[in-house]
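Down below is the structure, laid out as structure tokens.
Please treat every number below as a calculation from the coordinates, not as lab data. Since the model is a prediction, treat every value here as computed from it, not as a measurement. Glycine gets a Cβ as well: all are built from the backbone with ideal geometry, and neighbour counts include every protein chain shown.
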Amino acid sequence: MKIVPIEDQYIERCLEIYSPYISNSHISFENKVPSLSEYRMRVKKYSAQYPWIVAIESGQVLGFAYGAEFKQRQAYQWSVETSIYLSENAKGRGVAGKLYDSLFDYLDKAGYYNAFAGIALPGDISVAFHEKFGFNKVAHFKNVGYKNEKWVDVGLWQKEIKKISDQSSPLAPYSFSDLLP
């Protein structure tokens with residue numbers, strides 16, 4: 001298995017992996033699977049500034065992880081929101097861990113200090129996974145989403161990517177494309 005930056009040839013498979021999370025669960029708060037062209041535009045937008053990586057084995061995409069803008073205001077620019085999605089046949093094989101290891105390596109090199117993950121609750125597997133990677137719960141929002149005919153809570157988890165000291169001033173983060181060979 002290898003972890004590589006997203007390429008156009010992988011986008012359709014990423015959408016196939018993501019679609020059941022929209023249609024069959026409350027994990028994604030999207031209610032409608034985007035068209036391939038909509039999804040392609042989203043991937044291009046995110047991956048221009050943030051890492052979007054895929055796990056490949058024998059030419060097949062097993063899953064993907066990416067960073068995205070945490071909040072729009074400029075002072076938030078050193079924080080990032082993370083997401084990860086796996087195909088059914090990739091679960092329990094260590095794929096998610098390898099994706100997150102690689103994602104956090106890129107985020108650190110790019111100059112980010114904090115990562116956030118919003119987790120729809122209940123989400124015991126996702127909570128355990130994120131806490132294994134050093135995320136800590138920092139907020140709980142009750143009944144903030146309505147999906148599959150029920151109200152859903154969302155928890156917010158935070159991970160410190162690098163230490164902040166009083167003597168250091170942050171540099172503007174690099175774009176993901178600046179980190180690629």
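Apply the Karplus curve 6.51 cos²θ - 1.76 cosθ + 1.60, θ = phi - 60°, to the phi angles in the stretch 78-88 and return the couplings in whole Hz, x for Gly and Pro.
Karplus values, whole Hz, x for Gly and Pro: 9, 10, 9, 9, 10, 9, 8, 9, 10, 6, 4.
Using a 10 Å Cβ count of at most 14 others and DSSP loop calls, identify the longest part of the chain lacking such GluC sites (Glu not before Pro).
31-148
Quick check: pseudo-label points 7 Å beyond the Cα along Cα→Cβ at Asn143 and Ala75, how many nm apart are they?
Result: 3.1 nm between the two label points.
List the trypsin sites (Lys or Arg not before Pro) within the stretch 1-57 that DSSP assigns to loop and that have no more than 14 neighbouring Cβ atoms inside 10 Å.
Lys32
Among Ile56, Ile11, which comes first, then next, by fewest other beta-carbon atoms within 10 Å?
Going from sparsest to densest Cβ surroundings: Ile56, Ile11.
Taking R0 as 41 Å, what FRET efficiency do you get between Asp101 and Lys32 from their Cβ-Cβ distance, rounded to the nearest 0.05?
My answer for the efficiency is 0.80.
Show the residues, 5+ positions off or on another chain, whose built amide H is closer than 5 Å to the amide H of Val80.
Hits under the 5 Å cutoff: Asn114, Ala115, Phe116.
Given points 7 Å out from each Cα along the Cα-Cβ axis, report the Lys45 to Lys91 separation in nanometres with one decimal.
If labels sit at Lys45 and Lys91, their model points lie 2.9 nm apart.
Hey, can you grab everything whose amide H is under 5 Å from the amide H of Gly63? Only 5+ residues off in sequence or another chain; H modelled, so Pro and N-termini drop out.
Those lying under 5 Å, H to H, from Gly63 are Ala55, Ser87.
Check which residues have an amide H placed less than 5 Å from Leu121's amide H, if you skip close sequence neighbours.
Asp153, Val154, Gly155
Would you please name the trypsin sites (Lys or Arg not before Pro) within the stretch 71-118 that are DSSP coil residues with at most 14 other C-beta atoms within 10 Å of their C-beta?
Loop-located and lightly packed - Lys71, Arg73, Lys91.
Tell me, what HN-Hα J-couplings in whole Hz come from the Karplus equation 6.51 cos²θ - 1.76 cosθ + 1.60 at θ = phi - 60° for each residue of the stretch 23-31, using x for Gly and Pro?
6, 10, 8, 9, 4, 9, 8, 6, 9
For the stretch 3-19, what does the Karplus curve 6.51 cos²θ - 1.76 cosθ + 1.60, with θ = phi - 60°, yield as ³J(HN,Hα) per residue in whole Hz, taken in order and with x for Gly and Pro?
Taking θ as phi minus 60°, the curve returns 10, 9, x, 4, 10, 3, 5, 9, 5, 4, 5, 4, 5, 4, 5, 6, 3 Hz for the stretch 3-19.
Taking a 23 Å limit on the Cα-Cα distance, which of the listed pairs Lys71/Lys162; Lys71/Lys91; Lys2/Lys147; Lys32/Lys132 fall beyond it?
Exceeds cut-off: Lys71/Lys91; Lys2/Lys147; Lys32/Lys132.
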